[in-house]
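One structure is given below, encoded as structure tokens.
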Amino acid sequence: MKTVFHSSDSRGYANHGWLEARHSFSFANWFNPNRIQFGALRVLNDDIIAPGMGFGTHPHDNMEIITIPLIGDLEHKDSMGHAEVIREGDIQVMSAGTGVTHSEYNHNKDQPINLLQLWIFPNRRQVTPRYKQMAIVDLIETNKISQILSPNEDDQGVWIYQNAWFHLLKTDRETSETYCMRQAGNGVYVFVIEGRATIGNHQLNKRDAFGVWDVEHFDLAASDESSVLLVEVPMDY
């Protein structure tokens, strides 16, 4: 088993006034040659956006973009004609494919929003852009590792153009689970959203992350009132 530990305070940081951003991997003006990506996972940004503020219209192509609002609601508009509000507790995916433009604004005028945005390299390029969102609460079984994203349109949760799986473990008591890799050659980036988790002898606190690969399965323990995101991706990127 190979592993890597990324503490919360080792992430890149930027404060633009309207945006406070923490980057798990090199992004914008923050560059760390040892933190470019984890396999096909290229971006994991932990963003806090001021009330009524946001990202103006900007382009993407050939990237799978996943957004998970943790606190507050996000207003989304794109060149595919979508004008949606991504609610706290939703998961949204956008396959940028041949090219798409979009904007994202804090829908709440009186409070900041905190969201996770992840970018995954796709296994198919130049696809027709697509959009999907779903309520995570409909997918979660408390104290169980619950799937929220996969490569399969007919499977539980949203889907993307990559052999990747996202799972969420939300607890209301101390919980131990075994995670089994969905595909040989994949790795898992474990990101503690809230609470505490343990993998082997490694203790993880809020916003710490731990990458695991070259293994078929591993044990994960989480404390009471924890939320842990598991991002499984191919490592040959």
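Side notes on the structure shown:
- Qualifying residue in segment 181-190 (condition: in contact (Cβ under 8 Å) with a residue 60 or more places away in the chain, more than 20 Å from residue 114 (Cα to Cα), in the same structural domain as residue 147 (by TED's automatic domain parsing) and among the charged types (D, E, K, R)): no
- Failed condition for residue 146, given (1) assigned to a strand (DSSP E or B); (2) out of contact with any helix residue (DSSP H, G or I) (no Cβ under 9 Å at 6 or more places or on another chain); (3) of a type in the set (Gly, Ala, Ser): (2)
- Residue that is farthest from residue 83 (Cα to Cα), among those in segment 117-134 that are in a strand (DSSP E or B) and of a type outside the set (Phe, Trp, Tyr): 120
- Residue 177 being in the same structural domain as residue 197 (by TED's automatic domain parsing), surrounded by fewer than 16 Cβ atoms within 10 Å (Cβ to Cβ) and over 15 Å from the mean Cα position of the chain (by Cα): no
- Any hit, segment 109-116, residues being over 14 Å from the mean Cα position of the chain (by Cα), part of a strand (DSSP E or B) and without any contact (Cβ under 8 Å) to a residue 24 or more places away in the chain: no
- Residue count for segment 68-83 satisfying the condition of being loosely packed, with under 14 Cβ neighbours inside 10 Å and farther than 16 Å from residue 94 by Cβ: 1.
- When residue 200 is tested against (1) exposed (fewer than 14 other Cβ atoms within 10 Å of the Cβ); (2) under 20 Å from residue 90 (Cα atoms), just one condition goes unmet, and that condition is (2).
- Matching residues, segment 185-216, being under 13 Å from residue 228 (Cβ atoms) and not in a strand (DSSP E or B): 195, 196, 205, 206, 207, 208
- Just one of (1) touching a His at 6+ places or on another chain (Cβ under 9 Å); (2) more than 30 Å from residue 96 (Cα to Cα) fails for residue 171. It is (1).
- Counting only strands (runs of 3 or more DSSP E) that sit wholly inside segment 1-104, those with at least 1 residues that are over 27 Å from residue 183 (Cα atoms) are 12-15, 19-23, 41-49, 54-60, 64-71, 74-78, 83-86.
- Residue that is nearest to residue 125 (Cα to Cα) [pool: residues in segment 44-67 that are surrounded by 18 or more Cβ atoms within 10 Å (Cβ to Cβ) and β-branched (Val, Ile, Thr)]: 65
The values are calculated or read from the model by the stated rules, or taken from the named source; none is laboratory data. All figures in this text were calculated on a predicted structure; none of them were measured in a lab. Note that each Cβ is placed from the backbone with ideal geometry, even for glycine, and that neighbours are counted across all protein chains shown.
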